[in-house]
Amino acid sequence: MYRQEQTVLQASRQEVEFMQNYKKKAYNIAVQHMNKPVRIQTIHGQIFEGTIVNVDQDNLYLQISNTNHHHYPQQHYYPQQQYYPQQNNRFFFGGGGILVLSLFLLLVIVLLLI
């Protein structure tokens, strides 16, 4: 039996280039501010404070400074997860209060001077 396919969404070359450039920019800024306290706002309006502890080509790893999640509705902390983060909506929480954020979700990074 033959199955027909229909493309319902396809990014233009310009859109792909924009997204790739934005991700590179977010990556480079995050790398420059490793081990520094920051406040991050996502495109969904969530705000997190903590220290950037790692960055890879897709994600920023934030050691959150406040594990009291009443400020962040719908978020949960999984202290037993050390190696495989748990998915919770748009975010992943690894062990030790590490929040894993996709570079695509970052809207604002504010360096907190202390």
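The values are calculated or read from the model by the stated rules, or taken from the named source; none is laboratory data. Since we're looking at a predicted model, the values are computed, not measured. Reconstructed Cβ throughout: ideal geometry from the backbone, glycine too, with neighbour counts over all protein chains shown.
How many residues does the stretch 45-59 contain that are under 12 Å from Val31 (Cβ atoms), in a loop (DSSP other than H, G, I, E, B) and polar (S, T, N, Q)? The number of residues fulfilling the criteria is 1.
Looking at the stretch 1-23, which of its residues are aliphatic (A, V, I, L, M), free of Cβ contacts under 8 Å to residues at least 24 places away in the same chain and not in a loop (DSSP other than H, G, I, E, B)? Within the stretch 1-23, just Val16 meets the criteria. Looking at Met19, Met1, Met34, just one residue is exposed (fewer than 12 other Cβ atoms within 10 Å of the Cβ) and either at pLDDT below 95 or of a type in the set (A, V, I, L, M) (or both), and that residue is Met1. In the stretch 107-114, is there at least one residue being in a helix (DSSP H, G or I) and modelled with pLDDT under 95? So far as the stretch 107-114 goes, no, none of its residues is in a helix (DSSP H, G or I) and modelled with pLDDT under 95.
Residues in the stretch 24-43 that are within 16 Å of Leu107 (Cβ to Cβ), in contact (Cβ under 8 Å) with a residue 12 or more places away in the chain and not polar (S, T, N, Q): 9 in all. The set of residues in the stretch 49-63 that are farther than 22 Å from Gln20 by Cβ and buried (at least 20 other Cβ atoms within 10 Å of the Cβ) comprises Gly50, Leu62. Residues in the stretch 4-50 that are within 13 Å of the chain's Cα centre (by Cα) and of a type in the set (S, T, N, Q): Gln41, Thr42, Gln46.
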